[in-house]
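A.B. asks: My questions all concern the structure below.
Every number in this text was worked out from the coordinates using simple rules, so none of it is lab data. A quick note: this is a predicted structure, and the numbers were derived from the prediction, not measured. As a convention, Cβ positions derive from the backbone with ideal geometry for all residues, glycine included, and neighbour counts pool all protein chains shown.
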Amino acid sequence: MTKGILFEIGLEELPARFIYNAEKQLATKTKNWLEKLRISFESITTYSTPRRLAVLIKKAAEEQTTIEEEAKGPAEKIAKDEHGDWTKAAIGFTKGQGKTTDDIYTKEVKGTNYIFVKKHIIGKRTKDLLPSFQSIIESIQFANNMRWAEETIRYARPIRWLVALYGEHVIPFEIAHVKTSNITYGHRYLGKTIQLQSPDEYETKLKDNFVIANPQDRKQLILDGIQSLERKESFQVPVEQDLLNEVCNLVEYPSVFQGSIDPDFLQLPSEVLVTSMKEHQRYFPVKSNEGKLLPYFIGVRNGDYHAIHTVIKGNEKVLKARLSDAQFFYEEDRKQSISFFQKKLERVVFQDKLGTLKDKVDRIVEISEQLGKLLNLDKNTLTKVKRAAEICKFDLTTNMVNEFTELQGIMGETYALHFNEDAEVAKGLREHYLPDHANGELPVTILGSIVSVADKLDTIVGCIAAGLVPSGSQDPYGLRRQAVAILRIMESNSWNISLESLINITLNRYQALPVDLKINNDVKNELNKFFRLRATFLFKEMGIEQDVIQAVLHNEIGVFGYTVDKASVLSEKRNDDSFKNVQEALVRILNLSKHSHRDEVNPAIFETSSEQMLFDKYQETHQAYKTANKDRNADEALKQLGKLAEPIHHFFEHNMVMSDDEKIRNNRLSLVNHIAMLINDFADLSAVEWKQHF
Amino acid sequence: MNIQEMILALQKHWSDQNCLLMQAYDVEKGAGTMSPMTLLRSLGPEPWNVAYVEPSRRPADGRYGKNPNRLYQHHQFQVIMKPSPANIQELYLESLRKLGINPLEHDIRFVEDNWENPTLGASGLGWEVWLDGMEITQFTYFQQIGGLEANPVSVELTYGIERLASFIQDKENVFELEWTKGVTIGDIFYQPEYEHSVYTFEESNTDMLFNLFSMYEQEAKAAMEKELVFPSYDYVLKCSHTFNLLDARGVISVTERTGYIARVRTLARNIAKAYVAQRERLGFPMLKKEGEY
């Protein structure tokens with residue numbers, strides 16, 4: 001016999017961003033809980049709305065599954081006395097297991113005989129086990145918890161009711177003075193109080209009371225509503241998944257409606273309109289079939305279509321007030337000048353220890369200029385880099401960005417064009433915020449790339465010097481994301497500059513400042529550690545294995561694009577049978593070099609031709625390798641090192657490196673060591689787990 | 001419904017929920033939360049239910065009476081219930097019905113919004129309440145006040161009177177709102193809005209204000225030394241308003257700004273602690289009353 005089980009947690013409105021994750025936790029935790037309790041079941045279905053999290057378990061067994069278990073007792077020599085009779089210890093053991101000495105059997109465990117009994121663990125009644133679900137409810141984790149009234153529990157929002165049903169019976173427990181029952185509630189305004197007769201009717205009864213408990217169904221209703229408007233009005237509504245998810249989790253019963261905007265507002269930059277709609281009001285913007293913004297928006301009401309015109313009118317009014325504000329800011333801002341806004345940066349703190357935004361911009365300018373020079377940019381471009389860096393933050397003090405912070409950079413570009421800045425410079429302002437999320441698009445222009453890297457370097461170096469090292473989930477300044485961004489930009493532009501030199505430029509900048517920061521070796525080590533972790537993370541994202549990552553990062557992160565190329569070449573050779581010969585030779589050198597110190601090689605005391613041959617080949621290779629290295633050609637560099645393989649094999653075949661003659665021995669070790677240095681310059685090949693042997 | 005009727009309706013509703021009806025507190029402040037009726041009384045174990053209208057001054061929001069939505073001084077209707085009742089959302093929605101807002105004809109939502117006031121060492125979790133997309137109320141469960149854990153937790157409802165009125169009266173300009181029959185907000189507040197803006201942004205005597213800040217701060221400390229919690233708190237409010245005036249005038253540099261906020265916060269924290277200690281010495285008298293009731 002089986003029965004359905006239903007648990008529902010009724011809450012004051014959960015933050016939309018918590019809901020999906022909480023429902024997922026509920027599913028996993030329920031499954032683990034049932035398995036641990038050995039209650040078999042047919043299926044688990046979860047539900048979520050802003051006001052409830054629920055799980056329905058279908059066809060749960062009425063008893064735990066019976067299992068047979070072996071209970072281990074004392075060693076046989078303790079369990080039996082000298083006459084072969086059971087001792088008190090043995091009797092005690094069997095009693096404790098609910099058995100008699102007749103049930104005893106012996107078995108060898110690690111060379112010693114022990115006594116055992118077989119236990120049938122007869123399943124308990126499911127009904128008696130279910131109240132333990134209380135701890136599952138209490139264990140759901142949220143990004144933010146709160147307390148309410150006089151309760152000690154911390155939860156996302158106050159719990160207002162609990163449904164716990166096993167068939168038609170209520171499973172008794174209590175959380176925060178809320179007792180379980182079979183009573184749930186429909187939509188806050190449209191629904192009624194619902195008495196559930198059985199778990200199975202949960203979804204339908206809620207639907208009758210204007211609650212769509214399944215989030216997928218709610219999403220589909222929203223999409224259907226949007227599509228029918230698209231067909232009717234011949235326009236397009238680009239639906240972003242994030243916004244759809246959020247809207248879905250702000251309503252229990254979605255009704256899609258269309259509102260209008262005064263077409264005059266279309267003169268505002270489209271980003272302003274889109275931000276007002278999406279970020280502030282959670283509306284979907286509407287576009288023509290040609291992709292132009294239209295003076296409409298799509299909203300989703302939490303309720304039915306009754307009096308929808310009042311709702312539409314209200315929403316239109318709110319959006320109008322917002323856009324009027326924006327228009328006012330837009331007009332006011334454009335009456336000013338860039339220098340007017342620049343002046344205000346002196347009054348905005350970037351970070352307590354790192355000064356104001358003005359200070360930050362000054363640093364960005366210097367770093368950008370040095371970076372530009374290292375990249376051998378022409379004078380004209382350098383001038384533009386400087387200008388872009390100088391004014392990269394001016395829009396932060398505009399009215400518009402003050403009110404619509406999401407528009408930073410976008411307003412920078414828009415206003416810069418208005419104030420007759422160069423178009424490339426203007427574009428650089430917008431791009432220097434890129435990438436604005438993990439895997440986000442990178443700046444396309446050189447100005448955007450340089451200022452983006454300079455800005456991020458300044459933040460990372462400054463914050464870490466100020467002791468704000470990210471730890472665990474704590475990364476308030478988004479340093480990790482920014483470090484990855486720097487590396488990605490370096491790689492995609494194939495910048496021939498090492499990360500270490502960029503860090504030094506930035507550190508020097510800070511050292512020259514009258515700020516209260518200690519730039520010492522600890523800071524350098526911390527930065528080094530921090531960037532290595534980010535580089536490792538990025539390599540893993542690219543599918544590079546840990547051993548190869550370790551091999552290429554053993555010196556420094558270096559010219560990141562080149563380091564990435566080295567990693568790809570090694571990843572390929574690592575599985576390449578034909579490379580086995582080379583790898584064995586090179587790694588043999590590396591292993592032996594660990595025992596030696598560096599001296600000049602003296603060809604005059606070479607004893608064999610293979611020594612001389614290896615030395616000659618080394619010198620030749622050294623030159624060729626250097627050229628390949630300078631060209632940042634990883635494939636060629638490794639190929640050159642490979643040319644040493646045959647002479648190395650010969651060398652080991654025909655020479656006793658550890659010769660009794662100390663002079664000869666040291667000379668040979670020095671030769672080995674010179675070659676090892678060359679190999680290590682490329683990567684620590686001894687760290688690679690070569691796969692071609694298998 | 002004019003503003004006067006709205007206030008009467010809200011007062012009646014919350015009075016029926018056993019809230020004390022208090023009057024606005026007579027020291028300048030930026031929000032109803034800063035009234036001692038909220039900030040101090042939400043501390044400690046004693047039950048406390050109160051409702052009042054609070055004129056709230058935000059010098060930086062002054063717009064010379066020219067912006068249809070922004071005011072140097074607006075009005076909040078403030079409700080505090082400690083401990084927070086289990087049916088507080090229903091009580092709130094009922095209050096909207098009393099204002100003629102029928103949830104079936106609108107879209108009323110609770111959208112996550114967490115509140116923090118670093119100056120007062122206070123923070124809370126809750127929502128902004130949306131009425132057809134417009135934010136009309138801040139709904140907060142206090143978690144920390146004056147740096148102390150709120151226990152039991154108070155719930156705070158802050159209705160934006162002008163916002164609600166512009167919805168109810170369907171007006172786009174705040175100055176056109178009817179306070180009572182034949183009298184608009186503009187009639188009463190346009191001139192003060194204009195003059196306060198001129199004063200705040202152009203005419204204030206900043207040397208005097210800097211002096212006042214220090215004097216108020218000193219006096220707050222001096223009063224605290226004599227364990228005079230309420231007088232000390234009044235001076236903290238004066239510090240806060242004086243700081244707001246200076247800040248709006250643009251004469252406080254960024255570095256100094258952090259310093260000023262920290263100074264006010266330290267005062268507020270000490271007062272919060274002293275208030276709880278004082279109530280404790282008195283044996284939390286309102287707790288006893290509850291028991292006897």
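A.B. asks: Please work out the Cα center distance from the range B:1-63 to the range A:434-460, rounded to the nearest Å.
C.D. replies: Comparing the Cα centres of the range B:1-63 and the range A:434-460, I get a distance of 48 Å.
A.B. asks: To continue, here is another question. Tell me, what is the percent relative contact order of the range A:302-440, built from C-alpha pairs under 8 Å that lie six or more residues apart?
C.D. replies: 21
A.B. asks: Whole Å is fine, so just give me how far the alpha carbon centre of the range B:234-250 lies from that of the range A:389-413.
C.D. replies: 28
A.B. asks: Filter the cross-link list A:K3/A:K119; A:K36/A:K118; A:K343/B:K66 down to pairs whose alpha-carbon distance in this structure exceeds 23 Å.
C.D. replies: Violating the 23 Å Cα-Cα cut-off are A:K3/A:K119; A:K343/B:K66.
A.B. asks: For each of B:S95, B:S123, count neighbouring Cβ atoms within 10 Å of the residue's Cβ, then give the residues from fewest to most.
C.D. replies: The most exposed by this proxy come first: B:S123, B:S95.
A.B. asks: Which of A:I183, A:I557 comes first, and how do the rest follow, when ranked by fewest Cβ neighbours within 10 Å?
C.D. replies: Ordered by Cβ neighbours within 10 Å, fewest first: A:I183, A:I557.
A.B. asks: For the modelled label position 7 Å from the Cα of A:K353 along Cα-to-Cβ, which residues of the range A:440-462 have backbone nitrogen atoms closer than 14 Å?
C.D. replies: Zone members listed by number: A:459-462.
A.B. asks: Among B:I108, B:G133, B:P152, which residue has its Cα positioned farthest towards the positive end of the charge dipole of the range B:102-178, with +1 placed on the Cβ of Lys and Arg, -1 on the Cβ of Asp and Glu, and the dipole taken about the Cα centre?
C.D. replies: With unit charges placed on the Cβ atoms, the residue in question is B:P152.
A.B. asks: Here's something else I'd like to know. Quick one: if you stick a label point 7 Å off each Cα along the C-beta vector at A:K663 and B:R269, how many nm between them?
C.D. replies: Spacing of the two 7 Å Cα→Cβ label points: 7.6 nm.
A.B. asks: Modelling each spin label as a point 7 Å along the Cα-to-Cβ direction, I'd like the A:E331/B:N211 distance in nm, to one decimal.
C.D. replies: The answer from the label model is 4.2 nm.
A.B. asks: Obtain the nm distance between the two label points defined at A:E572 and A:R17 by a simple spin-label model: each point lies 7 Å from its Cα along the Cα-to-C-beta direction.
C.D. replies: Here the answer is 4.3 nm between the modelled labels.
A.B. asks: Of the DSSP beta bridges with both residues in chain A, give the percent that are antiparallel, rounding to the nearest 5.
C.D. replies: 95
A.B. asks: What trypsin sites (Lys or Arg not before Pro) in the range B:160-248 are in a loop by DSSP, with at most 14 other Cβ atoms within 10 Å of the Cβ?
C.D. replies: Filter output for the range B:160-248: B:K181, B:K226.
A.B. asks: Separate question: Over chain B, what relative contact order in percent results from Cα pairs under 8 Å that are six or more residues apart?
C.D. replies: Relative contact order of chain B: 21 percent.
A.B. asks: Expressed as a whole number of Å, what is the distance separating the alpha-carbon centroids of the range A:575-632 and the range A:118-173?
C.D. replies: A separation of 68 Å, based on Cα centres.
A.B. asks: Please give the contour-minus-distance gain from A:E150 to A:E441: 0.36 nm per residue of separation, less the Cα-Cα distance, rounded to one decimal in nm.
C.D. replies: Value of the extension gain: 99.9 nm.
A.B. asks: Give the calculated FRET efficiency between A:R532 and B:Q169 to the nearest 0.05, with a Förster radius of 45 Å applied to their Cβ-Cβ distance.
C.D. replies: 0.10
A.B. asks: Taking only DSSP H segments of four or more residues, each worth -39500 (n - 2.57), what value at 222 nm results for the protein assembly as shown once the sum is divided by all its residues, to the nearest 500 deg cm²/dmol?
C.D. replies: -15000 deg cm²/dmol
A.B. asks: Would you list B:I101, A:I261, A:I5, A:I364 from fewest to most Cβ contacts within 10 Å?
C.D. replies: Ordered from fewest to most neighbouring Cβ atoms within 10 Å, B:I101, A:I261, A:I5, A:I364 come out as B:I101, A:I261, A:I5, A:I364.
A.B. asks: Hey, another quick one. Please identify the helices of chain A, taking whole runs of DSSP H, that span at least 15 Å along their own axis as judged from the Cα atoms and have a mean Kyte-Doolittle score of 1.0 or higher.
C.D. replies: A:446-465
A.B. asks: Here's a follow-up. Within chain B, what percent of beta bridges assigned by DSSP are antiparallel, to the nearest 5?
C.D. replies: 95
A.B. asks: In whole percent, what relative contact order does the range A:4-69 give with Cα contacts below 8 Å and a gap of six or more residues?
C.D. replies: Relative contact order, the range A:4-69: 44 percent.
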